[in-house]
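The values are calculated or read from the model by the stated rules, or taken from the named source; none is laboratory data. The model shown is predicted, which means the values in this text are computed figures rather than measured ones. Here the Cβ positions follow ideal geometry from the backbone for every residue, glycine too, while neighbour counts run over all protein chains shown. Please note that ligands, DNA and RNA were not included when accessible areas were found on the heavy atoms of the full protein model with its side chains. Shrake-Rupley method; radii C 1.70, N 1.55, O 1.52, S 1.80 Å.
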Amino acid sequence: MDILKLLFEPYIFIPLVFPGLVAAFLLLLIIIWLERKIAAKVQLRYGPLYVFKPLGGVIQTIADLLRYLFQEPIVPREADKLAFLMTPVFLFGLAYLPVVAVPISPTYYAFRSDVSLLIVMALTTLAPIFTVLMGWSSNNKFSLIGGVREGYLVISYEIPMFLSAISMAILYKSLDLVEIAEAQKGLWGVILNPLAAINMLLLMYMSTSKFPFEIPEAESEIVAGPYTEYSGIIYGLVMGASYVKLYVLSLVYSILFLGGWNPLPINDPMVAGAMLFVKAFLLVALGAFLRAVYPRFRIDQAISIGWKIAFPLSLISVVISLLLIMGGVSLVVK
Amino acid sequence: MSLSRTVRHAKAILTGFKYLFAGPRLTLMYPDDIQELPEGYRGMIEYDWDSCIKCSLCAMVCPADAMKMYVSKEESEREGKVVKRPGINYTRCIFCGFCVDICPTDSLRFTKVHDVAYYTYEEQIYPPAEFSKGVPRPLYLREPRKVRAVLDERRGIRYEPARS
Amino acid sequence: MISSGERELELLIGPQHPASGHMRLVAKVDGDVVVELRPNIGYVHRSVEKLAEVKKYLQIIPLVERPSLADTTANNLAYVMALEKLLGIEPPERAKYLRTLLAEINRIHSHLYGLGIHGVMIGSSTAYMWCFGDREPFLELAQELTGARLTYSYIIPGGVRRDLPAGLGERAERVLRYMENRMRDYFNLYFNNPVVRARLEGVGVLSRHDAINLGITGPNLRASGVAYDVRRAEPYAAYPELEFDIVTEEAGDSFARVMVRVREIVESMRIIRQVIRKIPEGPILHESYEKLIPPKLRESMKQRGMVKFPSVFANLRVPPGEAISRVEGGRGEVVFHIVSDGKLSPYRMRMVTPSFRNVILFEHLTRGVRVADIPAIYGSLDYFPPEADR
Amino acid sequence: MVCSLEGKLLVGNLERSARKAAAWLVEKRPVRDIRDWGISFSLWPVHFTTACCGAEFAASAAPKYDAERLGFLPFIGIRQCNLLFIEGTLSKKMAEAAIWVYEQMPEPKFVVGMGACAIDGGIFWNSYNIVRPMDILPVHVFIPGCPPRPEAVAQAIIMLQRKIRRGELVRYETR
């Protein structure tokens, strides 16, 4: 009984169960299936089906996971073995780590900090380093190019993304995610500063290489980019990492722009968490949907979007926030 | 970002949504439904033992040398001369249908069987005796429903249960 | 694998690569810029020309179809036209129209094939799925006409193998209207998509001058503003009696090459409508062959609308001589040259396929482009390696 | 190899015995069935078009036949796939690449010979530049036809799935 009680302690429950590991894993299973189903529907077909027909093949991802689990993991002779095997673990870990700082209700969080937004944003920045390292350690030309592309992209999306997030922090006069979410009881951030919302959404998909920015692992150009040499369950880990990163960023995005757990029907931490999860899920699903609409940009175009469009937009959104504050928008709590 | 480009982005995404929620589907649910092919489809070939006049035109015209004349031992002994009958080798057959079209007695006929696969090499070779027993039947888990493809103005291809 | 101190990196793209097809591209890249790209062809060389020297004339019909599987009618038609020149026969009018009908259906689905492959090469899986999905109604039509999905072997010396099935015209009309409706969505989602435009416009520009000098053919030539089409330059089949425009684009970049294909689909649909309206009644096989078929068979053949071969087809003898024929296929001009010495097989058969003539563009267009542009250019050329390698 | 662990001396090849133990576990009954089920519904072929049958292979992944329904997803690299489709003729130059690709794929892996050319050469049977795939690779399912219809491709996938689920193809070596 004590163990069960311990499980529901926020500092265990949030990282391990919800919105942490278990929820991320479930989301991973569903979103990969859903991505294939959404793409299939737009593409006039059915997508995975026969693996479990009554539910439309929803356990397809489990079959794929099992296959990966029992597949031979190959470590190339030329690769730097330690780096090759450790980077996926670090990548996944760092993609998932920011979740600990995400509150799921005004009263339920692993820890509360005055600067939790900064912590989340800083932690998400770390994962790409390991993608670059992965590209180097495989000792494959395509991996190398993929790693370099990731490196270029990181520089061009991180700063505007940070600025967009900061513009919201300016608006709410707080860097605490709980306060930011609580400040949106009335108007959501997406209405107050739509420019920052659009910009952040764009950059979020860019940072997790969703279409149209699926550039580091551009299939038809550089095979799988940094992941080319990975096989078996290690590849499964790598593949999961980008979805998990998108999931974590979506949680943050929901808190920043979509009101977090507002509107809150019942004042219960789990209901609040479910509300947040649904919003994040929809954002991840939107990312999956974009695959069906867009081809991918070229690297130079993506970089120029980062610097020439996203960067000015983020500066403008900061200015908008400042103007709103000076205009004295009364929605701000503090 | 110019206005026209934004409009185009919106149009692309909206078209995607349109197909996500109201798009047609062209899929033929293959192992459950099989498509009844039109008359004259060049599927696997069946052989009529009795009406064959052993002219060997089919073997002569075959572009892939899949059709071969086998000496029929029983008949040769009975008739006192070399009698040859055609056998087919699906490892080479390219389904061009020349043998059927050149057969002067219609002993070779097209069937609509088109979805057969094999586990081994040897079972794909049909000497005359097996050839005359008819075409192989694909392995189906359940009895499939036969459907007919109907070309549709709005949805491309629809599938209706075949009448026959 | 990667040695230090090198400035240029040699990338081997293919033959196992998501966007290489059946060939290898050897690219030297300096950073993200391609210094040199050489296609390594020959992975699908199957000695078609040599095999033609040991196969009989009729057996070569399926043989020449195989190299360009998505565009079989062009090769089939070109070969049979050369053969008919040697034999000195002219197919009946109805057969000519049926040939044209199949050629145009084939052109549409060949173009859709190319567009689909191009789509997936720049990352749009939807473009691939849509093009390949919308190919199916056309394949359905072709299948009804000929009895096969891709390898029709429909055109034989002196005519065609099957008559027009009842009601095909009406069904074809439905498919064409479907395609016209879908075209709008293609433009909304794909061709006018800003990302597609950004990826294709101004990429791999082939100037009019270079296009002519390099001997480029087909839609790639027309995308550079040269209005050359064998259907006009040397009309064959029923084309002299049909109205159609030669589609050209001026830009010469990847997007222009895509647009030429799209507009040619529209043009082909126009031709199909005309063929169905104008098709004359009559026999579908030359009378000199028809009279060789036994009378009983001839009756049943007329009833079923399926030609039985006269037994002379098994060992078709062709008078000595040479013949050349040209046909505008989906990918460009197909040329066949047959030398006959009066035996059962040709003395020499030469086939010049459009892909082989366009392969030079890989080296020409990719100098100085970015790595990501390689598939964007490759796809826009609609290059099919088996066709080039033969 | 000799390892010492908290004063105890372990003699023997640790790596090999670990592999043996893992193989023993994976070949046990419920694990084996789950494994075979998973593998059979997750056959991912490599992008390796050997010849013109690739056109029909592409069509079998396209909307009308949609092989993805069967868990069949043409995927990016060699390392992530477990199915090699020999799509038509294997020329000598391509055969080298085919062997290379096969060897680079992780176990368990399967080979399907698609088209008459991939069985016995088809119309090119007497060409000088042809290799029969079954001479160089272990082919599990053959699809006749030139090119085979996408239905036949789907049939081959179903047959391969059935064979895997019967436990005939996947074996973990306990060497």
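The numbered conditions (1) assigned to a helix (DSSP H, G or I); (2) touching a Cys at 6+ places or on another chain (Cβ under 9 Å) are all true for residue C:375 except (2). Under the condition of being in contact with a helix residue (DSSP H, G or I) (Cβ under 9 Å, 6 or more places away or on another chain) and open to solvent by 10 Å² or more (accessible area, probe 1.4 Å), the residues counted in region D:76-92 number 3.
The single residue among D:55, D:51 that is hydrophobic (A, V, I, L, M, F, W, C), more than 8 Å from chain A (Cβ to nearest Cβ) and in a helix (DSSP H, G or I) turns out to be D:55.
Scanning region C:205-231 for residues that are over 30 Å from residue C:96 (Cβ atoms) and either in contact with a His (Cβ under 9 Å, 6 or more places away or on another chain) or without any contact (Cβ under 8 Å) to a residue 12 or more places away in the chain (or both) returns C:206, C:209, C:210, C:213, C:214, C:224.
Once region C:242-260 is narrowed to residues that are in a helix (DSSP H, G or I) and in contact with a Ser or Thr (Cβ under 9 Å, 6 or more places away or on another chain), the residue that is most open to solvent (accessible area, probe 1.4 Å) is C:255. Search region B:12-29 for residues being open to solvent by less than 10 Å² (accessible area, probe 1.4 Å) and touching a residue at least 24 places away in the same chain (Cβ under 8 Å), and hand back the single one that is farthest from residue B:108 (Cα to Cα). Per the stated criteria, the residue is B:26.
Among C:294, C:310, which is the only one that is within 29 Å of residue C:63 (Cα to Cα), without any contact (Cβ under 8 Å) to a residue 12 or more places away in the chain and open to solvent by less than 70 Å² (accessible area, probe 1.4 Å)? Selected residue: C:294, the only one of C:294, C:310 that is within 29 Å of residue C:63 (Cα to Cα), without any contact (Cβ under 8 Å) to a residue 12 or more places away in the chain and open to solvent by less than 70 Å² (accessible area, probe 1.4 Å).
If you filter region C:46-72 down to residues that are among the hydroxyl-bearing types (Ser, Thr, Tyr) and under 17 Å from the mean Cα position of the chain (by Cα), you find that the one that is farthest from the other protein chains (Cβ to nearest Cβ) is C:72. Inside region C:182-229, residues that are more than 12 Å from chain B (Cβ to nearest Cβ) and among the basic types (Lys, Arg) make up a count of 3.
Residue-wise test of (1) crowded, with 24+ Cβ neighbours inside 10 Å; (2) outside any helix (DSSP H, G or I); (3) among the aliphatic types (A, V, I, L, M); (4) without any contact (Cβ under 8 Å) to a residue 40 or more places away in the chain.
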| position | (1), (2), (3), (4) |
| --- | --- |
| C:283 | no, yes, no, no |
| C:327 | yes, yes, yes, no |
| C:338 | yes, yes, yes, no |
| C:344 | no, yes, yes, no |
| C:350 | no, yes, no, no |
| C:355 | yes, no, no, no |
| C:380 | yes, no, no, no |
| C:383 | yes, yes, no, no |
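Taken together, the residues in region C:121-137 that are under 18 Å from residue C:380 (Cβ atoms), within 9 Å of chain D (Cβ to nearest Cβ) and open to solvent by 10 Å² or more (accessible area, probe 1.4 Å) amount to 1. Consider region A:266-298 and keep the residues that are small (Gly, Ala, Ser) and not in a loop (DSSP other than H, G, I, E, B). The one that is nearest to residue A:19 (Cα to Cα) is A:273. Going through region D:106-157 one residue at a time, which ones are touching a Lys or Arg at 6+ places or on another chain (Cβ under 8 Å) and acidic (Asp, Glu)? Within region D:106-157, D:120 is the sole residue that qualifies. Here residue A:311 does not fit the description of being open to solvent by 30 Å² or more (accessible area, probe 1.4 Å), within 28 Å of residue A:107 (Cα to Cα) and either in a helix (DSSP H, G or I) or modelled with pLDDT of 85 or more (or both). Of everything in region D:93-107 that is surrounded by fewer than 24 Cβ atoms within 10 Å (Cβ to Cβ) and facing another protein chain (nearest Cβ under 7 Å), the residue that is nearest to residue A:74 (Cα to Cα) is D:106.
Among all residues of region B:122-134, there is none that is crowded, with 18+ Cβ neighbours inside 10 Å, within 9 Å of another protein chain (Cβ to nearest Cβ) and in a strand (DSSP E or B). For residue C:144, the test of being among the charged types (D, E, K, R), free of Cβ contacts under 8 Å to residues at least 60 places away in the same chain, open to solvent by 10 Å² or more (accessible area, probe 1.4 Å) and away from chain D (no Cβ under 14 Å) is passed. The condition of being away from every other protein chain (no Cβ under 14 Å), open to solvent by 30 Å² or more (accessible area, probe 1.4 Å) and in a helix (DSSP H, G or I) holds for only one of A:180, A:166, A:198, that being A:166.
Kindly establish whether residue A:189 is within 11 Å of another protein chain (Cβ to nearest Cβ) and buried (at least 24 other Cβ atoms within 10 Å of the Cβ). Against the criterion (within 11 Å of another protein chain (Cβ to nearest Cβ) and buried (at least 24 other Cβ atoms within 10 Å of the Cβ)), residue A:189 does not qualify. The residue that is most open to solvent (accessible area, probe 1.4 Å), counting only those in region B:61-93 that are within 14 Å of chain D (Cβ to nearest Cβ) and farther than 18 Å from residue C:313 by Cα, is B:92.
Look at (1) in contact (Cβ under 8 Å) with a residue 60 or more places away in the chain; (2) of a type in the set (Val, Ile, Thr); (3) facing chain C (nearest Cβ under 9 Å) and you find that residue B:34 fails only one, number (3).
Determine whether residue C:133 is touching a Cys at 6+ places or on another chain (Cβ under 9 Å), without any contact (Cβ under 8 Å) to a residue 60 or more places away in the chain and part of a helix (DSSP H, G or I). Against the criterion (touching a Cys at 6+ places or on another chain (Cβ under 9 Å), without any contact (Cβ under 8 Å) to a residue 60 or more places away in the chain and part of a helix (DSSP H, G or I)), residue C:133 does not qualify.
Got at least one residue in region C:22-45 being open to solvent by less than 10 Å² (accessible area, probe 1.4 Å), among the polar types (S, T, N, Q) and either closer than 25 Å to residue A:229 by Cα or at the interface with another protein chain (Cβ under 8 Å from one of its Cβ atoms) (or both)? No, region C:22-45 contains no residue that is open to solvent by less than 10 Å² (accessible area, probe 1.4 Å), among the polar types (S, T, N, Q) and either closer than 25 Å to residue A:229 by Cα or at the interface with another protein chain (Cβ under 8 Å from one of its Cβ atoms) (or both). Of everything in region D:55-64, what is open to solvent by 10 Å² or more (accessible area, probe 1.4 Å) and touching a residue at least 24 places away in the same chain (Cβ under 8 Å)? Give them in sequence order. Within region D:55-64, D:57 is the sole residue that qualifies. Checking each residue in region B:135-164 for being in a loop (DSSP other than H, G, I, E, B) and open to solvent by 50 Å² or more (accessible area, probe 1.4 Å) picks out B:137, B:139, B:141, B:142, B:143, B:153, B:154, B:155, B:163, B:164. The set of residues from region D:9-44 being out of contact with any Lys or Arg (no Cβ under 9 Å at 6 or more places or on another chain), in contact (Cβ under 8 Å) with a residue 60 or more places away in the chain and more than 13 Å from chain A (Cβ to nearest Cβ) comprises just one member, D:24.
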